[in-house]
Amino acid sequence: MFLNQAMPGNVMGKNTVIIKGFLIGLYTTTMAIISQNISGQELPGVPGYQEYTLTPERGDILNYTVWDPGQSQPEPVPLVLALHYGGDRFPYIGREFLELLVVPAFIELGALIVAPDCPGADWTDPQSTAAIKLLMDSLMDSHTIDVDRIVVTGFSMGGIGAWHMAATFPELFSACIAVAGRPTGKTEVTIPVYALHSRQDEIIDAEPSKTAVKLMKKQGVNSKFVIIDGPSHYQTTRFIEPLSGSIWWLESVWRNQKRDRVKHQ
């Protein structure tokens with residue numbers, strides 16, 4: 001993945017996004033350094049990235065990266081599961097995905113953001129699906145998570161995976177935010193979905209997402225399809241600002257879900 005030259009007419013917006021991503025990266029790197037004391041232990045309340053390995057009783061180990069918002073108080077926080085794109089893979093590719101897109105876009109949520117490395121051929125195969133369930137169970141045990149504010153997001157292969165996980169675990173996720181992805185069509189999605197695409201995407205057609213969201217709306221599911229101009233499929237950082245724009249929708253979904261829970265108590 002790489003930073004691309006700005007398109008004509010988009011210089012200011014592109015530069016703003018790059019600067020924002022750079023400053024967040026600089027800040028988080030600095031915080032990660034100062035968050036270690038002499039004995040090498042993390043200090044509480046300091047935001048930063050951490051890399052972990054989950055070793056199941058059966059199967060391969062799962063590498064994953066966590067962005068910790070650094071909450072000083074043990075209040076339950078939202079959890080964002082972030083599924084990375086395809087292409088060349090290397091250990092902790094999830095961290096690259098967080099740094100390029102997800103953390104700059106969602107930092108205002110104050111959420112724990114987790115990006116596993118895809119263990120299977122893609123995010124829809126049984127190995128990956130089982131690994132995600134195992135990881136989510138582990139995170140619920142090890143962190144103070146607000147179980148009513150758990151979200152799955154992803155880009156490209158990860159966007160397809162976000163649709164898949166939303167369909168597979170509707171009881172786990174409150175919403176799905178899929179970027180440059182598409183539904184698999186194998187299982188109906190019943191939770192709210194925010195589908196974000198670029199008109200200039202030369203890899204994944206936006207129509208399947210548009211059609212799925214239209215159908216979901218008819219069925220009463222709070223979903224939204226958003227199309228933007230400018231980025232190609234490979235210009236990941238240019239999706240930071242549009243993805244950040246989904247926060248208002250997500251918070252609205254959470255408010256509505258909370259109201260419905262109170263109503264049915």
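Every number in this text was worked out from the coordinates using simple rules, so none of it is lab data. It should be emphasised that the depicted structure is a prediction, and the values quoted were computed from it without experimental measurement. Glycine also receives a Cβ, built like all others from the backbone with ideal geometry; neighbour counts cover every protein chain displayed.
Observations on the structure shown:
- Loop GluC sites (Glu not before Pro), the range 157-256, which have at most 16 other Cβ atoms in a 10 Å radius of their Cβ (DSSP): Glu171, Glu188, Glu202
- Neighbour-limited loop hits for trypsin sites (Lys or Arg not before Pro), the range 174-265 (at most 13 other Cβ within 10 Å; DSSP other than H, G, I, E, B): Lys186, Arg199
- Cα pair count fraction exceeding 27 Å, expressed as % - the range 11-263: 33 percent
- Report note on the peptides 131-138, 64-71: ranked by the mean count of other C-beta atoms within 10 Å, highest first, their order is 64-71, 131-138.
- Number of Lys-Lys pairs in the range 11-263 with C-alpha atoms under 17 Å apart and a separation of 8 or more places or on different chains: 4.
- Contact order normalised by residue count of the range 100-259, Cα under 8 Å, 6+ apart, percent: 20 percent
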